[in-house]
Each structure stands twice: as C-alpha cells, then as structure tokens.
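Report on the structure given below.
Values in this text are rule-based calculations from the coordinates and carry no lab data. Keep in mind it's a predicted model, so treat the numbers as computed, not measured. Neighbour counts run over all protein chains shown; Cβ positions are idealised from the backbone, glycine included.
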Amino acid sequence: MKDLSTEYLGLQLKNPVIVGSSGLTDSADKIKELADNNAGAVVLKSLFEEQILAELSQNIADYTADYPDAFDYIREYTRENSVSAYLSLIAAAKKAVQIPVIASINCVSGKEWVAFTRSVENAGADALEINISLLPSDPRKKCTDYEKIYFDVIEQVASVVSIPVSLKMSIYSSALANLISRLSWTGKVAGFVLFNRYFRPDFDLGNLTVRPAGIFSTPEEMFLPLRWIALLAGNVDRDFAASTGVHDSAGLIKQLLAGAAAVQVVSTLYKNGPAHINELVRGLSDWMESRSYDRISDFRGKMSAAITEDSAALQRVQFMKYFGGIS
C-alpha cells in the first residue's frame, strides 16, 4: 500500500486532494459525503466580504426610521448575522468529519471585519484560507497600492489567530514571485494557493448584457499554476496548493511533481460527483506503483525549477521559440 499522506499548512492529510471552496462545501452533509469519498481535506465555502457589504447596503436602504446610532447597530447586526451562520457551518463540519476543515474568507480590503477571524478559530477551523480578490483595473492606482492589501490583511489576521493561514493569490501582479517571497518573509503565511479563478465576463449579443463566460474550469487551465508552482516551490519556503484545472489523476500528479503539497479540486467534482475523488486517488496510487515510489515525498518537486535540469523551459515566454519548426 502506497503512502499517499502529505503535510499542508502543518496539517496531516491522508492524501493531497483537497475539495476547494465552493457550493460543494456549504453544508455538513455535503462535507461528510466528500470525506466518505476519500477527500484529504475541505475548504469551506467562502465568507465573502463583498456579500456582507452588499447586505449591509440593502439593510441600510430598507431602514426608514431615524434613531441615534441606528446605522452602527445595522452594520454590526449584518456582520454578526453573516458570521454566525458561518461559524455554525464550521462547528457542524468539524462534528461530522475527521479530516481537516479549512475556513475561507474572501477579502477585497483590509477592513476591521477580519477581526471576526478569531471566532473562526474558536469555532474549530483547522486553518484559514484568505482569498484576496484583486483586479488591478483602476488606472489611478499603482501596483503597490493593490499589493499593500495583502500585507494589511495578513497583518490583521495574524494578530488575532494562531491557526495556520494561507493566501489564495491573484495572478495579477507585476512581480508575482517577489510579492509571494515578501509575503513569506513576514512569517505570517503558512502557504499559498495558486490561483484565484475570477468570474470571466462575456457579452450576450442578443440582449446586450454581461453574462458568465464559463462557470467550470477546463483541464487546460492547470498549466498556469503548474508553471508558477514549479518556479516557486523550493525557492520559497512555504507550502503551495494548486487550484484550477485539475480534473484527473494526471493533473494531480503533475502538480505534485511541480512541488505542490496539495491540490484543490472543484469543477471536476461538479461534473463527475464526489466519488470521482476516489478515481483521482487511485490514479495517483497506480502511477506511484508503476514508478516504484513508496511515498509522495519520493517525487514531489522533482520537476520544479529548483531541481529539474530543464528549468529554462519553465522560464520560456516566447511560444514560437519553442515551436519554431511548426509550419
């Protein structure tokens, strides 16, 4: 029997397959089904700062009376209501399963609401994934303005929790490797998830409205995190988890070869059901058997830039330099 266990964020996982934050992890019953189908860990559906702010705006708009301090009361009630439901999810999930339960908070700013993360830890979460959604679309802001949000948020979160914290990163940075390195140097980030998959807009030509371009990822999307994990693993002393585009065991194995400690999956489970986790794990075990690997540490990072002799290929950016012979 091959040893498929791995360590991620200081947590012991029986295998490297983590079910990512999604509707698949928004109830204890669903999470138990995932655990029963061999998930190594789960990331709970995110608590969205934007959702809290939207609910706050609606509650204030609906409020018609005029009492002193009323708006402060509405603000605190809205926040507490959203957080209370999330804390109940954490507690129920921890009661239902034995695998690690990772809470997730989606941030757009470094506001004081992240102080609620202390309650997340108290509710029993084993770790916390901070999803910082940065789309540098404001021409008046510099790159450093956006990147400062990462440092502001992690500073506030680290000041109130002792559980390990990971950052789910945006690909949008003018110097991504440098940013991740500097964040690791703070000593407050246990790992990085590469990458945040944003809503992708499309235009409806009939109604002239904006619509989603595609909800689910495709296997081709795995190559972006594959490259960056291969470039950074071994050079940045933190755990990396691959996110987006892993649909089969081959994708899982490739991300581990790049240096990932774990791999998050979502779209493939929506398409194939929770039992597909068993297929991913079985495929990993069979491949290890075919290569005579006894444990994941025998090959993890074998294709990273820090180890592979073909590291120049990971740095290549010009497509035609590689496929110049195609006519």
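May I ask you to derive the FRET efficiency for Trp185 and Ala275 from their Cβ-Cβ distance with R0 = 51 Å, giving the value to the nearest 0.05?
For Trp185 and Ala275, the calculated efficiency is 0.75.
Does the stretch 178-283 come out rounded, prolate or oblate, given a ≥ b ≥ c as the square roots of the eigenvalues of its C-alpha gyration tensor, rounded meaning a/c under 1.5 and, failing that, prolate meaning a/b above b/c?
It is oblate, given that a/c is not under 1.5 and a/b is not larger than b/c.
Tally Lys and Arg at +1 and Asp and Glu at -1 over the other residues with C-beta under 13 Å from the C-beta of Gly259: what net charge comes out?
With Lys, Arg at +1 and Asp, Glu at -1, the neighbours total +3.
Any chance you could check the Cα centroid distance between the stretch 131-180 and the stretch 268-304 for me, in angstrom?
31
In whole angstrom, note down how far apart the Cα centers of the stretch 182-255 and the stretch 17-43 are.
Centre-to-centre (Cα) distance: 19 Å.
Can you tell me the FRET efficiency between Ala213 and Arg140 if r is taken as the Cβ-Cβ distance and R0 is 30 Å, rounded to the nearest 0.05?
That gives a FRET efficiency of 0.65.
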